[in-house]
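The values are calculated or read from the model by the stated rules, or taken from the named source; none is laboratory data. Predicted model, so just to flag it, every value in this text is computed and none were measured. Positions of Cβ are backbone-derived with ideal geometry, glycine not excepted, and every protein chain shown enters the neighbour counts. Keep in mind that these areas ignore ligands, DNA and RNA; they rest on the heavy atoms of the full protein, side chains included. Shrake-Rupley method; radii C 1.70, N 1.55, O 1.52, S 1.80 Å.
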Amino acid sequence: MDKQFLSNKVGQFTESVIREMTRQALLHGAVNLSQGFPDFSAPAEIKRAAQEAVAADINQYAITWGAKNLRDAIARQMQQWQGVAVDPETEVTVCCGSTEAMISTLLAVCNTGDEVIVFEPFYENYGPDSILSGAKPRFVKLSPPITEDGEWSFDERELRAAFHSQTKAIIVNTPNNPTGKVFTRTELELIRDLCVEFNVLCITDEIYEHILYDSTKHISMASLDGMKERTVTINSLSKTYSVTGWRVGWTIAPAAITNAIRKVHDFLTVGAPAPLQAAGVAALDLPLVYYQNLAEAYRKRRDKLVPILTEAGFRCFRPRGAYYVMTDISAFGYADDVAFVKYLVKEIGVAAVPGSSFYRDPCDGAQQVRFAFCKKDETLDEAARRLRKLHSR
Ligand SMILES: Cc1ncc(COP(=O)(O)O)c(C=O)c1O
């Protein structure tokens, strides 16, 4: 096709590698440990609530920025879990997943030439999201732990050096995809101090907030002193309730920013699916024990997959939160992660995500591969069986 028909922005990024790996898994009949979606059922109560909502004819557009009862439930949860008071009338926008929440936020706050700080490795959407909003992503390294039990960490001086007069926002994803890092209070306070000093907005992606291990605690940036007025908190039903296909997420932000996000959101999508917003209220009202069971079930899956991968020859970086294991593949003797992942999906029958897709410079992720463990025991058992055929070259 004639190049002149295409936007310059689109030329600056590729299609999602993660979503491509799911297509590859289907093509080769591989066990799919690439894309982060559960292969088990969502809670029966919330499926029932969705069915009842359709039967009750909640089938037309909801209020563009979200059904009132869902916004109320979101505000209630933020108060309960994080002690942050939220006004559902002026500070909450329901979007089509946190994916739309992030792009709507960036479109609402960025001008051409603004910079957005992103920790890398990063969830791959943040790069294209920044570019589409006219901003320039600026990356700060998260370095892998030296020991299996260590933490991914950033260099304080490197982070400070990334902040300057063009910086509009910093994106913080905690618990983190792909590293499994859970940012500590000390780290968040350091980021907070820089945001205040340089007058920068913090956009936090907290969609794995309830998937935590080893007694780690999720701290919302908005709960830190001085941050509520400069934080956009993004969350969604997708991961906490195992409904990634429902496409219901949200932002919590100060009223003026919410106003801007609502305008972008309205013209991008009009609104998130109305019956699934109704079911979202049932989801957010689940009792405490639901969240305890969720975290414990994921802990068991983590503790099942890590030894499988270690035995197969991967060096695993043990996650503290979220449901991915980032691994080092240097023991296998492959020049790069893409060639290794192709071999893995075609010859071994297991799909994973090449590490390079989480870095600006592919070389930085050339010896890393990410596995998702939001899967049934049988799926992980089958992956284990297939991975036994794996050998170095
Ligand atoms: C960090 C992170 N943010 C956002 C998303 C997308 O979430 P949603 O389904 O709410 O759009 C994902 C999905 O894997 C993710 O890992």
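Any idea which of Tyr343, Tyr290 is away from the ligand (no atom under 16 Å from the Cβ), out of contact with any Cys (no Cβ under 8 Å at 6 or more places or on another chain), assigned to a helix (DSSP H, G or I) and closer than 30 Å to Val248 by Cα? Don't jump to the end; show me each part of the working.
Numbers: Tyr343 fails: closer than 30 Å to Val248 by Cα.
Going through Tyr343, Tyr290 in turn, the sole match is Tyr290.
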Go through the residues of the stretch 152-166 one by one and say whether even a single one is surrounded by 21 or more Cβ atoms within 10 Å (Cβ to Cβ), closer than 14 Å to Pro319 by Cα and more than 14 Å from the ligand (Cβ to nearest atom). yes
Determine whether Thr184 is open to solvent by less than 10 Å² (accessible area, probe 1.4 Å), under 30 Å from Ala352 (Cα atoms), within 19 Å of the chain's Cα centre (by Cα) and of a type outside the set (Asp, Glu). no
Failed item in (1) more than 16 Å from the ligand (Cβ to nearest atom); (2) touching a strand residue (DSSP E or B) at 6+ places or on another chain (Cβ under 9 Å); (3) under 24 Å from Leu268 (Cβ atoms), with Thr93 passing the rest: (1)
Select from the stretch 138-157 the residues that are at pLDDT below 95, more than 17 Å from Asn177 (Cα to Cα) and touching a strand residue (DSSP E or B) at 6+ places or on another chain (Cβ under 7 Å) and list them in ascending order. Glu148
Looking only at the stretch 23-63, and only at residues there that are at pLDDT below 95 and more than 25 Å from the chain's Cα centre (by Cα), the one that is most open to solvent (accessible area, probe 1.4 Å): Leu27
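Search the stretch 201-246 for residues being hydrophobic (A, V, I, L, M, F, W, C) and in a loop (DSSP other than H, G, I, E, B), and hand back the single one that is nearest to the ligand (Cβ to nearest atom). Steps first, answer last, please.
Of the stretch 201-246, the ones hydrophobic (A, V, I, L, M, F, W, C) are 201-203, 207, 211-212, 219, 221-222, 224, 227, 232, 234, 237, 243, 246.
Now restrict to residues that are in a loop (DSSP other than H, G, I, E, B): 207, 211, 219, 224, 227, 243, 246.
Values: Ile207: 5, Ile211: 11, Ile219: 16, Leu224: 20, Met227: 20, Val243: 9, Trp246: 8 Å.
Filtering first and then ranking leaves Ile207.
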Restrict the check to the stretch 274-284 and report whether at least one residue is over 21 Å from the mean Cα position of the chain (by Cα), within 16 Å of the ligand (Cβ to nearest atom) and among the hydrophobic types (A, V, I, L, M, F, W, C). yes
Every residue from the stretch 111-128 that is in contact with a helix residue (DSSP H, G or I) (Cβ under 6 Å, 6 or more places away or on another chain) and more than 14 Å from Phe358 (Cα to Cα): Val116, Ile117
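Could you check the stretch 1-112 for helices (runs of 4 or more DSSP H) lying wholly inside it with 2 or more residues that are within 25 Å of Lys375 (Cα to Cα)?
Working: elements: 17-28, 44-55, 68-82, 97-109.
Correct list: 17-28, 44-55, 97-109.
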